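The values are calculated or read from the model by the stated rules, or taken from the named source; none is laboratory data. Every value quoted in this text rests on a predicted model; they were computed, and no experiment measured them. As a convention, Cβ positions derive from the backbone with ideal geometry for all residues, glycine included, and neighbour counts pool all protein chains shown. Note: accessible area is taken over every heavy atom of the protein model, side chains too, but ligands, DNA and RNA are not part of it. Shrake-Rupley method; radii C 1.70, N 1.55, O 1.52, S 1.80 Å.
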Amino acid sequence: MKLVILLLLLLFVLSINCNEKIKVHLICHSHCDLGWLKTVDEYYNNDVSKILTNVVDSLNNNTQRKFVWSEIGYLEQWWKLITQDQRELFKKFVKEKRLEIVNGGWVMNDEACASVDDVIRQLTEGHRFIVEQFGEDALPKSGWQIDPFGHSNLTPYIQSQMGYRHVVLDRLDYRLKDQLKDQKDLQFLWRNGIGSVGDTNSTDMFAHVLDDFYFSPPHLSFELESNLDYYDLKFNILDIRKYAEEKRKFFQSPHILIPIGGDFHFRNAQKWMDRIDLIEKVMEEEYQQGLSNIVAVYSTLADFFNDTITWHRENSVPFKYYQGDFFPYADKPDEYWTGYYTSRPKLKGQIRDVSSKLRSAEIISSLLLPNVSLDHVQLLKEASQNLSVLQHHDAVTGTAREHVVQDYFSRISDATHKISKVFSGVLKSGGNNTEDFDEFEFNILDVRNHIKMSKGSKKSMVLVNSLNWLKQDVVSLKIQYDQSLIQKVDECPFSVIDSDDSDISIDCSVKSELQLESPDNSPLEIVYFQLDFYIEIPALSIKTIHILQKHSKRSSFWVPTLSRYSPKSIDNRWYRLVLKDSNSLLESIHFLDKHSERMTLNQKIMYYNDIGGAYVFKNDGQAYEFDHYNATVYYWDGSLVKEIHVYYRDEFPGRTPHDTTEIVNSLIKLRIYNSSIETVDKRLYFQYILDSKSSSTRIVRFSTSLQTDSVYSDNGIQLLQRDLSKDPLEPYKSYYPSISIAMVRNGTGSSHKDDTCFLCTSDRTKGIGSLRSGEFEMALHRNLERDDQKGLEEPNHDYTPVQVQSQCFFSTYQEVQNGKIRRHALELEHPIRFYSINPDSSDKIGARIDSSLLSPYYTLPDHIHILSIDKRDCTDSDDSSLNIRLWNIKEIDENPTVVNLQHLFSSVTIDYIKVMTLSNLQLNDNFKSHQEYFSTIPYQNQSILNKNFTVSTVNHNHHSNILQDTTIISILPLEIKSLFIKFVSK
């Protein structure tokens, strides 16, 4: 019997030795949200400071230990408060590659709701800190996007151009993840497919999808000390062997990644690592003794990816490709995370707005002043860091608890105040003015709000165009005046003049609207004067206007209110809009330039009964139209502006006899223009001022005569074709995030550049979908009564009214491809900014601050957009340098666009230009090594999802350096190019 047992034992050992060695990479991490259930400061004080301190102490106790850290926003907060000895220890571990910085952004950004500008910004903020404290060598090579709720192809596009080579993903649709596990395709080369840039391996990234979740597997979490006693070492080792063998089935290589940690784990880092030390030691001993073919080691992402790719290279096992994004995300049947695209729309709108203001402040201060003051640099830095916090995947998504959301609003307010201070300082000291402006303050004015003017006062305003093309627009100013006098006038009591004292023609009217967000939460009617006027501001320029209290027969056109009058149609020289008899919303459009061609354009304001939560959208039945047949309609037929207001008040009974009746107010504004500028007059300008409705998602739906089999949404840089809903009663399964644009396109077969498109741009991210041919819908507001059991543990009650701006128009697909549609979206995102001058400039009515910031004789091509200009990282003592990012917004072009930057900066001489990474912190020489690195990775041109799909292998000379002694650069379609420009010192 003993002989039999010995033989069986020998056979067991031999079988183990014949098996391959499985190496388990234990990635110790702590996922630290910058706000979610607690505010940023609450998390830091209660958890994060302890985690970082204890991790550093634990690493110092054993040279074999390793850890990865992601959120730089918290690291910077901790860094300012610790001792120099602690800083030196942290630096030592980073240098020894025992503490790896992964992702390296200020936050782990959301991938559905954050704009391209803001993703680049928050990564850059993180990278700045890394370079300042640890040097360029510490910049991350691996992304760590383990918690965003779906993944965008914007991620490989941006991260690859910041020097990243790899990325770890997690939240893929559960069915897709199971499919990739079965195929052993959880590792692949992720090609973003964005324009010509996406056709090159210079922007590929190696993606690894976690086969399970980013938390420690069961029985291997030691955050609770009781687990250390309950799950002893023996069972820990058995569990790791079991997990390793199970996970080995999902991957080609024997290198297995197991995350160790979770949300705010490692507060007691020493106890975690004491146990892992023993696990590693015993498993290595048993492997050496031939008792096991599995080892477990402390590891980093750098170690893991190096071992994995080396194995594939040595064994000639190729990876496949994937091109595109991973939306929508579902973690269970019928639980689609498509609600957060729209949740907290007011927060989303204010984030986008403050982002635009900050961009404008950075550009104006960099160009208008020869030297940017240290005070301004600090204010802009603090505003930028606050904005970066808001890109967190529980901030811009609207998926945090109520008190945390209020903290985010406070950060927006703080950033806005700092931006206003910078503008005030810049406008006081810059520009082509000869006046002394020290006594004045310049305050950012939201044109949706009211300007208060007393009888006899004057108002001066500075207007800023931060776009690099001529801005032609119709703008409106709302003037709050003495309510006892405002209803008695029958002619316009105001006139507007420019800085040369020339009259500006205005439409002048009295309007009223409900102030839904009043102190007692009841609608408050506000009566005001509205001044509408057309204005042109050259590229990157500043103008001054003055509002005077005097009537001008020559330039002031009085527009009486046609109260409770619903016109059958409204028109300008391009089209006639036919309105519904029932509620004065759109019914159809007649194109007057096309022999009065008629097309259906049916607009409905609707709502779904939504039984989801902050994350999950789940409609209960079809969408219902509001009962607005008793709508109150006001109409103004001006010489410049035709405007209609449709107001309705709906009452919904409570769920029980004890519940109060719910009153839901809605005001829909539609404006069209007669400015004689085609691009201005062809758009329909909507503003939706909406109360929320409990347990619902509010939408606007447009139905057209177009024949379509898909809908388009955008990721902030590119339009993506999406499927129609497979079931009109289940739209939540086919909702997609849209940063700016929603579109349908005529034609169900091959595409043509002349295909007619109908599209809408809007001022914030939202969910969009299409249930039928020719239509699409955009979500406007959500208010939920249930928690969707995704961790928030409270319903996403959002009773805050919203004001959503949207512009809709018909176009052609060629205009999509040549960047004109993106240009319209950028004009809505970056409107003309108004700065009121306080005190009222009654004594200095002639004072002006008019300035063109760049060459008045040269403008960039229409499809080149200046994404940013700043001087944050320019260290020259004479400040004769700047950073600039240029974006080619064309989607398709056979050739790159060539730009001579010296023509742009005609007043100064460019000494040299360097092409940088998107963070503006490194030369793009890294991209050469990036391409070389990926050229050594074995791959096959086959998609992980479509066996017959072949990836393009076009090889553009994408990241070539600028030739010496030249200021000419080339930019591919949809490429963002970052440049450092050094000017010749004066």
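Rounded, prolate or oblate: which fits the stretch 116-242 when a ≥ b ≥ c are the square roots of the eigenvalues of the alpha-carbon gyration tensor, with rounded for a/c under 1.5 and prolate only if a/b beats b/c?
Details: a/c = 2.65, a/b = 1.51, b/c = 1.75.
Verdict is oblate for the stretch 116-242.
Going down the list K66/K242; K455/K553; K511/K618; K95/K418, which pairs span over 27 Å between their C-alpha atoms? Show your work: numbers first, answer last.
Details: K66/K242 23 Å; K455/K553 20 Å; K511/K618 38 Å; K95/K418 36 Å.
Going by Cα-Cα distance, K511/K618; K95/K418 fall outside the 27 Å limit.
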Determine the dipole magnitude for the stretch 574-710: charges of +1 sit on the beta-carbon of Lys and Arg, -1 on that of Asp and Glu, nothing else is charged, the reference point is the Cα centre, and the result goes in debye to the nearest 20. 260
Cα-Cα pairs above 15 Å in the stretch 14-68: how many percent? 64
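Would you please give the FRET efficiency between E88 and L228, computed as 1/(1 + (r/R0)^6) with r the Cβ-Cβ distance and R0 = 25 Å, to the nearest 0.05?
Working: r = 31 Å, r/R0 = 1.24.
So the FRET efficiency works out to roughly 0.20.
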Per-residue [θ]222 nm for the chain (sum of -39500 (n - 2.57) over DSSP H runs n ≥ 4, rounded to 500): -8000 deg cm²/dmol
Translational diffusion coefficient of the chain at 20 °C, 1.002 mPa s, Stokes-Einstein with Kirkwood Rh over Cα pairs, in µm²/s as a whole number. 71
FRET efficiency for Q622 and L176, Cβ-Cβ distance as r, R0 = 30 Å, nearest 0.05? 0.60
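What does DSSP give for the chain in terms of the percent of beta bridges that are antiparallel, rounded to the nearest 5?
Values: 164 of 202 bridges.
Close to 80 percent.
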What would the Debye formula give as log10 I(q)/I(0) at q = 0.09, 0.11, 0.21 Å⁻¹ for the alpha-carbon point model of the stretch 668-817, no solvent? -0.32, -0.47, -1.41
Specify whether the C-alpha gyration tensor of the stretch 724-763 places it in the rounded, prolate or oblate class, a ≥ b ≥ c being the square roots of the eigenvalues: rounded for a/c under 1.5, otherwise prolate if a/b is larger than b/c and oblate if not. oblate
Taking Cα pairs closer than 8 Å and at least 6 residues apart, the relative contact order of the stretch 218-357 in percent is 19
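Report the calculated FRET efficiency for D503 and E525 (r = Cβ-Cβ distance, R0 = 30 Å), to the nearest 0.05. Please report the intermediate quantities before stating the final value.
Details: r = 32 Å, r/R0 = 1.06.
About 0.40, to the nearest 0.05.
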Taking a crude spin-label model, label points 7 Å out from Cα along the C-beta direction, the E42 to S985 distance in nm is 5.2
In degrees rounded to 10, the 0-90 angle between helix 84-95 Cα long axis and the longest Cα principal axis of the chain is 70
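On average, how much accessible surface per residue is there in the stretch 250-395, in Å², for a 1.4 Å probe, leaving out ligands, DNA and RNA?
Numbers: 4270 Å² over 146 residues.
Result: 29 Å² per residue.
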Note: D650 to V908 extended length (0.36 nm per residue) minus current alpha-carbon separation gives 86.8 nm
For the pair S676 and N449, the simple spin-label estimate (label points 7 Å beyond Cα toward Cβ) gives in nm 3.6
About the Cα centre, charge dipole magnitude for the chain (Lys/Arg +1, Asp/Glu -1 at Cβ), debye: 1060
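Please compute the contact order of the chain in relative form: average sequence separation of alpha-carbon pairs under 8 Å and at least six residues apart, divided by the residue count, as a percent.
Values: 2305 pairs, mean separation 138.7, N = 986.
Answer for the chain is 14 percent.
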How much of the accessible area of the chain, in percent, comes from carbon and sulfur atoms when a 1.4 Å probe is used? 47
If I model a spin label as a point 7 Å beyond the Cα along the Cα-Cβ vector, how far apart are those points for V898 and N60 in nm? 6.0
Between 0 and 90°, nearest 10: helix 233-248 axis offset from the chain longest Cα axis: 70
Taking a probe of 1.4 Å and leaving out DNA, RNA and ligands, the stretch 642-728 shows per residue an accessible area in Å² of 36
Using 0.36 nm times the number of residues separating Q483 and S221, minus their current alpha carbon distance, what extension gain do you get? 87.8 nm
Please work out the C-alpha center-to-center distance from the stretch 613-651 to the stretch 446-511 and express it in whole Å. 27
Cα lying deepest toward the dipole's positive end in the chain, options S292, L358, A207, charges on Cβ: A207
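How much length would be gained if the chain were fully extended between Q549 and L374, taking 0.36 nm per residue of separation minus their Cα-Cα distance, in nm to one decimal? If you can, show how the numbers build up before the last one.
Numbers: separation 175, 0.36 × 175 = 63.00 nm, distance 4.03 nm.
Taking 0.36 nm per residue and subtracting the Cα distance, the gain is 59.0 nm.
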Rounded tilt (10° steps) of 174-183 against the dominant C-alpha axis of the chain: 40
State the Cα centre-to-centre distance between the stretch 136-170 and the stretch 385-408 in whole Å. 21
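For the stretch 155-246, with every protein chain kept in place, what is the accessible area per residue (1.4 Å probe, Å²)?
Values: 3040 Å² over 92 residues.
Computed with neighbouring chains in place, this is 33 Å² per residue.
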